[in-house]
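Have a look at the structure below before the remarks.
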Amino acid sequence: MIQSFFGSFDYYSWILLPLIIFFSRVVDVSLGTLRHVFISKGFRQIVPVLGFFEILIWIIVVGQIMKNLNNFACYLAFAGGFAAGTYVGLLIEERLALGLQVIRIITNQNCDNLLEDLKKGNHGVTVVDAQGAVGPVKMIFTIIKRKNVQQVVHLIRKHNPTAFYSIEDIKDISQGVFTAKRPRNFASIRKMFPIKAK
């Protein structure tokens, strides 16, 4: 009886098709999440390409769902793929670390060493004398690439651990001082793709 059950079991409809739908949804929702992030960051050139493949995959998946309306496994795969795709898209965006952020630092301590290290790291800084709730403070503004945020936060905690700081996204700037890009020469590219001699 068990043998006859497994012999007549529709593996494609209940296992393979839901898996295809799940992973397709992961891809198309990840693309959608990245598309929204790229729009907010001002990367307009890549947005239409992502949108094309996102909707193409979505149409194919929905077409399969419509052909299998009585298959609840497809519904579960569709919903599960949406949830997983949102998470995967955010993970990818976090790894890419695109865009710029402004860090505002407020401290009532001496911040000369912090400013010196920020300038050594080629981070542009603007310092303003201000009045806080309990006395005079220094306000330090720096706009940095998102991938350098943790480096700057480390400097703040090292030199002024009690300083207040906030971090916000910014969409665009006109000009400024930023960490220089590392030059890519042929030797560095060869390290990324080692070729073994025969």
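Would you be able to tell me the number of residues in segment 124-135 that are modelled with pLDDT of 90 or more and within 35 Å of the chain's Cα centre (by Cα)? Final tally of qualifying residues: 6.
Please go through segment 5-37 and give me each residue that is within 27 Å of residue 47 (Cα to Cα) and of a type in the set (Val, Ile, Thr), ordered by number. Let's see the steps before the verdict.
From segment 5-37, those within 27 Å of residue 47 (Cα to Cα) are 20-37; that's our starting set.
Scanning segment 5-37 gives 20, 21, 26, 27, 29, 33, 37.
Check segment 32-42 and report whether any residue there is closer than 23 Å to residue 145 by Cα and part of a loop (DSSP other than H, G, I, E, B).
yes
Per the listing 28, 10, the residue uniquely surrounded by 15 or more Cβ atoms within 10 Å (Cβ to Cβ) and of a type outside the set (Lys, Arg) is 28. Applying a threshold of 9 Å to beta carbon distances and a minimum spacing of six or more residues, or different chains, the list of pairs starting in segment 9-32 at a residue that is in the same structural domain as residue 71 (by TED's automatic domain parsing) and ending at one that is loosely packed, with under 12 Cβ neighbours inside 10 Å and not in a helix (DSSP H, G or I) reads 15/9.
Please tell me if residue 145 is touching a Ser or Thr at 6+ places or on another chain (Cβ under 7 Å) and at pLDDT 85 or above.
yes
Residues 153, 137: which one is surrounded by 13 or more Cβ atoms within 10 Å (Cβ to Cβ) and within 22 Å of residue 94 (Cβ to Cβ)? Exactly one of 153, 137 is surrounded by 13 or more Cβ atoms within 10 Å (Cβ to Cβ) and within 22 Å of residue 94 (Cβ to Cβ), namely 153.
Applying the set (1) surrounded by 15 or more Cβ atoms within 10 Å (Cβ to Cβ); (2) assigned by TED's automatic domain parsing to the domain that holds residue 14; (3) free of Cβ contacts under 8 Å to residues at least 60 places away in the same chain; (4) not charged (D, E, K, R) to residue 66 leaves exactly one unmet item: (1).
The values are calculated or read from the model by the stated rules, or taken from the named source; none is laboratory data. These numbers come from a predicted model, not from an experiment. All Cβ positions, even for glycine, are placed from backbone atoms using ideal geometry, and neighbour counts span all protein chains on display.
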